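One structure is given below, encoded as structure tokens.
The values are calculated or read from the model by the stated rules, or taken from the named source; none is laboratory data. Since the structure is predicted, the reported quantities are computational estimates derived from the model, not experimental observations. Neighbour counts are summed over all protein chains in view; Cβ atoms, including those assigned to glycine, are modelled from backbone coordinates with ideal geometry. We work out accessible area using only protein heavy atoms, side chains counted, and drop any ligands, DNA or RNA first. Shrake-Rupley method; radii C 1.70, N 1.55, O 1.52, S 1.80 Å.
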Amino acid sequence: LVKLASAGITVKELNQINLPADAKPLCTRLAEVIDIIGKSGEEISVSIDPVESAKFGYHTGIGFTIFVQNANGEIGRGGRYEIEGEKGEVPAVGATIYINEILRILPSQKQQEKITVPKGTSWKDIKKLLEDDTKIVICDL
């Protein structure tokens, strides 16, 4: 479906695909979401696997997995579920983001060298150390 949508197929044309009645509204909603993503101006790649079933047991509808480039696996998972409310079950969507995986793929930051200088060190000497991207700690020895 995503390849069809990215190729310029309209929501109307997607709705003309021979699908079971229960799947048609999902297909329409999916096409609308793809359209929103396309209009965002961001370069986002979306893949849809209609037979993916790796969802949590409490999901009552569609489940999804979030992947990004440079990650060894998914960085999150979520889906549709029902919340018991005062007026019965209320539909909701949620996701879990795997922070450890996100931190693993972020570029590592250069550790800044740290030098302790005694109180009374001249500003000229401190400025020279700062030019070398060194963190200065002034202490009273």
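Going by the conditions given, is residue 52 modelled with pLDDT of 80 or more and open to solvent by 80 Å² or more (accessible area, probe 1.4 Å)? No, not satisfied.
From the list 19, 14, the lone residue that is modelled with pLDDT of 75 or more and open to solvent by less than 60 Å² (accessible area, probe 1.4 Å) is 19. The numbered conditions (1) without any contact (Cβ under 8 Å) to a residue 12 or more places away in the chain; (2) open to solvent by less than 60 Å² (accessible area, probe 1.4 Å) are all true for residue 86 except (2).
Yes or no: residue 36 among the aliphatic types (A, V, I, L, M), at pLDDT 75 or above and surrounded by 14 or more Cβ atoms within 10 Å (Cβ to Cβ)? No, not satisfied.
Per-residue answers, yes or no, for (1) of a type outside the set (Lys, Arg); (2) open to solvent by 100 Å² or more (accessible area, probe 1.4 Å); (3) at pLDDT 80 or above; (4) part of a strand (DSSP E or B):
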| residue | (1), (2), (3), (4) |
| --- | --- |
| 95 | yes, no, yes, yes |
| 100 | yes, yes, yes, no |
| 103 | yes, yes, yes, no |
| 111 | yes, yes, no, no |
| 114 | no, yes, no, yes |
| 121 | yes, no, yes, no |
| 125 | yes, no, yes, no |
| 129 | yes, no, no, no |
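Taking the stretch 65-83 as the search range and keeping residues that are within 12 Å of the chain's Cα centre (by Cα) and open to solvent by 70 Å² or more (accessible area, probe 1.4 Å), which one is modelled with the highest pLDDT? Here the residue is 67.
Scanning the stretch 58-93 for residues that are among the aliphatic types (A, V, I, L, M) and not in a loop (DSSP other than H, G, I, E, B) returns 66, 83, 90, 92, 93.
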